[in-house]
Amino acid sequence: MTRYVLGRLGGVVVILLAVCLFTYLIFFKLSPDPAVMICGKTCTPDRINSIRDVLGLNQPLLTQFWEFLRGIFAGREYGSVHCPAPCLGYSFQTNESVWSMITARLPVSVTVAVGAAVLWLLAGVVGGLVSAIKQGTWWDRSAMALALGGVSVPNYVLALVLQYVLVVKLQVLPFPSAPAFGDDPVLWFESYLMPWAVLAVGYACLYARLTRSNVIDTLSENYFRTARAKGLSGALIMRRHALRPALTPITTIFGMDFAGLLGGALITETVFGLNGIGKMAADSIAKNDQPVIMAVTLLAAFFVVIGNVVVDLLYTALDPRVRVTSS
Amino acid sequence: MSDQLLVVEDLTVTLPTGRGPVEVVKNVSFTVGRDDTLGIVGESGSGKSMTALAVLGLLPRGARTSGSVRLDGTELLGRSERDLRSVRGNAISMVFQDPLSSLNPYYTVGLQIAEMYRTHRGGSRRAARQVAIEALERVRIPDPGRRVDHYPHQFSGGQRQRVMIAMALCCSPSLLIADEPTTALDVTVQAQILELLADLQSTTGTGMLFITHDLAVISSIARRVLVMRSGDPVEYGSAEQVFSNPRHEYTRMLLDAVPRIDDEVAS
């Protein structure tokens, strides 16, 4: 088991290095010259050269990449400016340290992701479960029709409709402003309610359909029939012989979805003007702010890769068949 | 109280289908005594498994039954789910065809035996675990104290069926229904399982309803035989009489279909 974990972590390092290299190549080599972009409209060739010198753009590609990596772990110098580790460079637009931009915005994205995850897990799993038990009834049919509709509505449409109805017309919710929890917990909750709901709807619908079909599959398993033939109580049969087998595969999908969201919910954050990683990504792409794009991409890749490993380890704990073969 | 353990009279099972209700078991009557084994034989779709499931009230949703199923004189048909739960696994237990899919892969065999014992008999986890170890020992699983904590996929096919039998017998039921218990196993393991069942029956006095499509298996374990075909009871009598002097055409056909070692090979 220890060897398995170490092997997986080794794999993580390799994948992250590869992601670093590719993102670096795409954003620094295939994009417009950063020096020209920083220089702005009133620019001389001399000035461009000096900017290249400071950014290290005159050095060979591998040296540049090495400097970039070294910056993340040990910090680096940009001319006379020292960028302490973890250094992801400075925004071309605002000159702000990219790392501090991330640390300032990550809590917002995490709040959005966690709240939405709680909502969609509750709604999706409970809805799917009830549908499976009441298979074929009007409840099942309408819930599944609703779920299909929910998956089909784009996030931004739902976000705008909700804002118009709840904020503008009915005025039951404030416009989302991402206040700190400590300042005003009620306002905090009300502010995040719409982003959570908008983000959760699509996932909840998917999870409901998934849970329903998993539970129905489990109900036709032979071991479920055995459990009934053993005379176990209804609650015990449901909990042990239907829910556990049906929900185990859902943890995998949940882990990946959640990890993906930690890298920022681009559309939801942008529509609601929440200053998270997703909005930062959208802004930086619009302005071709390469260090920020690079950092956001790396961050998302980091979360997905780590999420993948966590899910795999969790799965070995949840499914004994995987556990025994892997050790 | 009669000396018959299980009395089934005019049992009819109707299943809903897309083209209206279909009778899959028609007016089937038989009895199983204590320490007795009745074999039900028939091809797939003859209604033998439906008959067994009807006895336990485990028929698919929408199924309707009529007739009478009495265990020790108590009627089982039409009883509530709650009443039936106290019968299932306790007075009547069942062993199924495919032991791998019939055991839950997520739990140790010990837990699966213990949960059934605790449901019917109560008691502590530790006591139930001890019961599970003893049950495994009775079906001759080597090193039961260690194996009790293993998962189904860690056992061989024959051992898994032994586990199922151990589980079925842990509450000392008066009737054991074995639905094709040896079909998924290879021939040598089949013989061991049949021998085990016969041994256990002689020590516990459990009545047995043995369902199979395999005449060779039936002839080695059952004292009396019920032959079924498309839901109809075709022939019912002692094993000796049915096998040596079949009265019905269909039984003769079934017997003729069994390949014999002294058959002449068609050239």
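Structure notes:
- Helices (runs of 4 or more DSSP H) completely within region A:97-175 that count 3 or more residues being open to solvent by 40 Å² or more (accessible area, probe 1.4 Å), under 23 Å from A:V215 (Cβ atoms) and of a type outside the set (K, R): A:98-133, A:138-152
- Single residue of B:L175, B:L196 found to be open to solvent by less than 50 Å² (accessible area, probe 1.4 Å) and away from every other protein chain (no Cβ under 14 Å): B:L196
- Residue-level check: of (1) buried (at least 22 other Cβ atoms within 10 Å of the Cβ); (2) more than 14 Å from the chain's Cα centre (by Cα), B:R79 misses just (1).
- Taken together, A:L236, A:L199 contain a single residue that is in contact (Cβ under 8 Å) with a residue 40 or more places away in the chain, assigned by TED's automatic domain parsing to the domain that holds A:L129 and part of a helix (DSSP H, G or I), which is A:L199.
- Filter result for A:R209 (in a helix (DSSP H, G or I), open to solvent by 40 Å² or more (accessible area, probe 1.4 Å) and more than 16 Å from A:W120 (Cα to Cα)): no
- All of B:G110, B:G42, B:G89 fail the test of being away from chain A (no Cβ under 11 Å), of a type outside the set (K, R), touching a His at 6+ places or on another chain (Cβ under 7 Å) and buried (at least 21 other Cβ atoms within 10 Å of the Cβ), apart from B:G42.
- Some residue of region B:116-128 being in a helix (DSSP H, G or I) and under 22 Å from B:F210 (Cβ atoms): yes
- For region A:214-253, a tally of residues being more than 14 Å from every other protein chain (Cβ to nearest Cβ) and open to solvent by 50 Å² or more (accessible area, probe 1.4 Å) returns 1.
- Residues of region A:5-59 satisfying the condition of being modelled with pLDDT of 80 or more and aromatic (F, W, Y): A:F22, A:Y24
- Scanning region A:68-96 for residues that are in a strand (DSSP E or B) and hydrophobic (A, V, I, L, M, F, W, C) turns up A:V81, A:C83.
- Candidates B:L58, B:L71, filtered to the one that is under 23 Å from B:G20 (Cα atoms), open to solvent by less than 50 Å² (accessible area, probe 1.4 Å), within 14 Å of chain A (Cβ to nearest Cβ) and of a type outside the set (S, T, Y): B:L58
- Condition check for A:G149: under 27 Å from A:F258 (Cα atoms) and assigned by TED's automatic domain parsing to the domain that holds A:D257: yes
- Region B:92-107, subset surrounded by fewer than 20 Cβ atoms within 10 Å (Cβ to Cβ) and assigned to a helix (DSSP H, G or I), residue nearest to the other protein chains (Cβ to nearest Cβ): B:S101
- Restricting attention to region A:276-327, the residues that are within 16 Å of A:V5 (Cβ to Cβ), away from chain B (no Cβ under 14 Å) and not hydrophobic (A, V, I, L, M, F, W, C) add up to 3.
- The residue of region B:127-152 that is farthest from the other protein chains (Cβ to nearest Cβ), among those that are closer than 19 Å to B:P105 by Cα and either among the hydroxyl-bearing types (S, T, Y) or open to solvent by 60 Å² or more (accessible area, probe 1.4 Å) (or both), is B:R129.
The values are calculated or read from the model by the stated rules, or taken from the named source; none is laboratory data. If you're wondering where the values come from, they're calculated on a predicted model, not measured in any experiment. When we count neighbours, we look across all protein chains shown, and the Cβ atoms used for this are built from the backbone with ideal geometry, even at glycine. Only protein heavy atoms, including side chains, enter the accessible area calculation; ligands, DNA and RNA are left aside. Shrake-Rupley method; radii C 1.70, N 1.55, O 1.52, S 1.80 Å.
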